[in-house]
Amino acid sequence: MAIEVNFDGLIGPTHNYSGLSLGNVASANHAQQISYPKAAALQGIGKMRRLMSLGYTQGILLPQIRPDLKVLRKMGFSGTDESMIQVVAKQAPELLAMVYSASSMWAANAATVSPSADTLDGKVHFTVANLMTTAHRAIEAEQTARLLRMIFSDDRHFKVHDALIGGPNFGDEGAANHSRLCESYGSEGLGLFVYGQAKMQGNILAPQKFPARQSLSASMAVARQHGVNGVFLQQNPKIIDAGAFHNDVVAVANGPVLFHHEAAFIKSDLNTALEQLNARLPIQTIEVLESEVSVQDAISSYLFNSQLLASPSSTFDEMHLIAPHECRETPSVHAYLEKLVQDKHQAIRHVTYVDVRQSMSNGGGPACLRLRVVMTEDELAAVHTGFILDEERLRLLENCVEEHYRDSLLPEDLADPQFMTECYQALESLSELFGLNDFYQF
Ligand code: SUG
């Protein structure tokens, strides 16, 4: 018996809107606005609690050290921590925003994960994402690798690969562009690797306006080193230009079900991929037409960034969609979902709406906030126990956030060295709560 565990990124105390992600419409629209770190973290914890109350096993990833002063030192700044913050704020404020970003909350971008049923050596494989398209995210890889190696330390079961090398043709954004299709969690499945750009016979296939963050070469490298069978499918370049910077903004899959917008892929490419998938296992597609939900509504509501979950007993006949509140507030999407759950010919039977508005305003919906790891019972038993949540741990986390996180934050607050001290205190308290006193090396 195997289950899927969602590991959510705990939203860190520096959650802010710095407009750092070209091609991410929400991030651009909220740039320089006031953020609410305490509310943000409590919303994230609320989502975790909601899943647990529905009967799902829930994991957690700790926030990364922010501000990451080691990065500033590597860029030639020196002096005391406090003086460095002040100098950088004056001389290179864009670097301050970069080392302060709480972007590791979007755990779907932490790594690509392949369950043991699919891999050649029978281990669960992780490849840390290099996130090389944006500087504030590229600095995540090192700490992500360290954290994953701590949580999944048992090398009888787990293999954590470092991030792939960088370079324009090797962008890798982790599970946001990867889904696993299978008949049951414990049986051999197939990886669906979606990429935004590829170099093929001298031609570059890529969007015109916004960067394509995932490259075919990276997806192939991940599949190769995990030892898995995969199908590779290009994202429609037009949808990246419309604001779908990751495939999980316009498509989501789980078990045998692929739920996607009709414009997510070029039709002929999708048909070829479906043929390849169907040759191995029967796939059920739920395609949402432009006439039902426009691309614009899909992107602003984040319909496809819902978490598509098996039933709590891991069957795929009664699936559950954990959708952001914005889906209920967008008339076309709400009408679509109301109709969908009535349709007994398809598997999605329940929709639960969650409030993750603070993250949504930076382009991160329910599915962005979690990294899915399918594990057998033995593998789950080998996971560092502190990172699998129970109600008591959730309550302690909430207390910690209440005590240490600021209610509100403006981009200019990042220049205040006192804020840095507060953030480090918050992180230290979090690590103590997990019994990992030396986890953060400031
Ligand atoms: O990489 N936003 C993130 C959102 C990631 C969403 N993840 C998935 N779709 N899986 C990004 O663009 C904005 C930060 C800022 O502007 O302050 C940001 O990084």
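Among R156, R328, R180, the sequence by solvent-accessible area, most first, with a 1.4 Å probe is R156, R328, R180. Which shape class applies to the chain: rounded if a/c is under 1.5, otherwise prolate when a/b exceeds b/c and oblate if not, where a ≥ b ≥ c are the square roots of the Cα gyration tensor eigenvalues? Rounded is the answer for the chain, as its axis ratio a/c remains below 1.5.
Within straight-line reach of K339, meaning a Cα separation under 27 Å, sit the following lysines at least 8 residues removed in sequence or on another chain: K47, K267. Within the straight-line cut-off of under 25 Å between alpha carbons, the lysines reachable from K159 are K123, sequence neighbours fewer than 8 places apart in one chain being disregarded.
Eigen-decomposition of the gyration tensor built on the alpha-carbon atoms of segment 1-132 gives equivalent ellipsoid semi-axes of 32, 20, 14 angstrom, largest listed first. When DSSP assigns beta bridges and you keep just the ones with both residues in segment 298-442, what percent turn out antiparallel, to the nearest 5? Given both bridge residues lie in segment 298-442, the antiparallel proportion sits at roughly 35 percent.
Within the straight-line cut-off of under 28 Å between alpha carbons, the lysines reachable from K90 are K38, K70, K74, sequence neighbours fewer than 8 places apart in one chain being disregarded. Here the Gaussian network model covers the chain, with springs between Cα atoms less than 10 Å apart; of T376, T119, T272, T272 fluctuates the most. Determine the shape class of segment 319-435: with a ≥ b ≥ c the square roots of the Cα gyration tensor eigenvalues, call it rounded for a/c under 1.5, and otherwise prolate if a/b is greater than b/c, oblate otherwise. Oblate shape, in that a/c is at least 1.5 and b/c is the bigger or equal ratio.
Measuring with a 1.4 angstrom probe and ignoring ligands and nucleic acids, Y56 comes out at about 30 Å² accessible.
Report the full-extension gain for the segment Q32 to H345: residue separation times 0.36 nm, less the Cα-Cα distance, to one decimal in nm.
108.1 nm
For segment 340-390, just say rounded, prolate or oblate: build the C-alpha gyration tensor, square-root its eigenvalues into a ≥ b ≥ c, call rounded for a/c under 1.5, and beyond that prolate if a/b exceeds b/c, oblate if not.
Since a/c reaches 1.5 but b/c is at least a/b, the shape of segment 340-390 is classed as oblate.
Among H350, H334, H345, the sequence by solvent-accessible area, most first, with a 1.4 Å probe is H345, H350, H334. Remark on segment 299-356: Rg and Dmax equal 11.1, 32 Å (Cα only). Rolling a 1.4 Å probe over the protein heavy atoms gives the chain an accessible area of 38 Å² per residue.
The values are calculated or read from the model by the stated rules, or taken from the named source; none is laboratory data. Everything numeric in this text was worked out from a predicted model, so none of it was measured. Quick note on the areas: whole protein, heavy atoms, side chains included, nothing else; ligands and nucleic acids left out. Shrake-Rupley method; radii C 1.70, N 1.55, O 1.52, S 1.80 Å.
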